Amino acid sequence: QVQLVESGGGLVQPGGSLRLSCAASGSIFSMHRLAWYRQAPGKQRELVASLISGGSTNYADSVKGRFTISRDNAKNTLYLQMNSLKPEDTAVYYCNGYRLGLDFWGQGTQVTVSS
C-alpha cells in the first residue's frame, strides 16, 4: 500500500508562485501514472497535470505554460510547480498515483490565490 501526503499549499497573491510536494510512503517509480487533481468549492474534481511512467506529461488547458509536473524518484516525491497563479486556481489540490487498476490519493492541500 502506498500513502501519499501533500504539502506546500497556502495563500498567495495573484501572479505569485507555489510548489506543491507529494511524498510517497512507497516507491513512486512503480506507478504507471502520477497526477495532480484539484477541486474548487461547488465544482467537480478535475485533472490538472499528469506524468506517465515513460516520462510524457499532460496538462489541462487552463494551466499550460504556467504549471509544471515533475518527480524525484530518489526522494519518492512528486511536485507541481505553479507560476503566474490566478484566483481561479484556488482549490484543494490532490496527489494521485495509479498502478495496476488501483488509485491512490493524498488528503489534499489548500491553495488560495487572493489579494
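The values are calculated or read from the model by the stated rules, or taken from the named source; none is laboratory data. In this text, all values refer to a predicted model and were calculated from it rather than measured experimentally. Please note: Cβ atoms are built from the backbone with ideal geometry, for glycine as well, and neighbour counts cover all protein chains shown. For accessibility, only protein heavy atoms count, side chains too; no ligands or nucleic acids. Shrake-Rupley method; radii C 1.70, N 1.55, O 1.52, S 1.80 Å.
Overview of results
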read-out: Label-point separation in nm, VAL2 to GLN110, each point 7 Å along Cα→Cβ; value: 2.8 nm
read-out: Gain on full stretching of the segment that runs from GLN81 to GLN39 - 0.36 nm per residue minus C-alpha separation; value: 13.4 nm
read-out: Percent carbon-and-sulfur accessible area, the chain, ignoring ligands, DNA and RNA, probe 1.4 Å; value: 48 percent
read-out: For GLY108, residues with placed amide H under 5 Å, excluding near neighbours; value: GLU6, CYS95
read-out: Contact order normalised by residue count of the stretch 1-86, Cα under 8 Å, 6+ apart, percent; value: 34 percent
read-out: Beta bridges per DSSP with both ends in the chain, % antiparallel, nearest 5; value: 95 percent
read-out: Counting all C-alpha pairs of the stretch 1-49, share separated by more than 15 Å (%); value: 61 percent
read-out: Cubic angstrom per residue, convex hull over Cα atoms of the stretch 39-113; value: 114 Å³
read-out: With all protein chains modelled, accessible area of GLU88 [1.4 Å, Å²]; value: 120 Å²
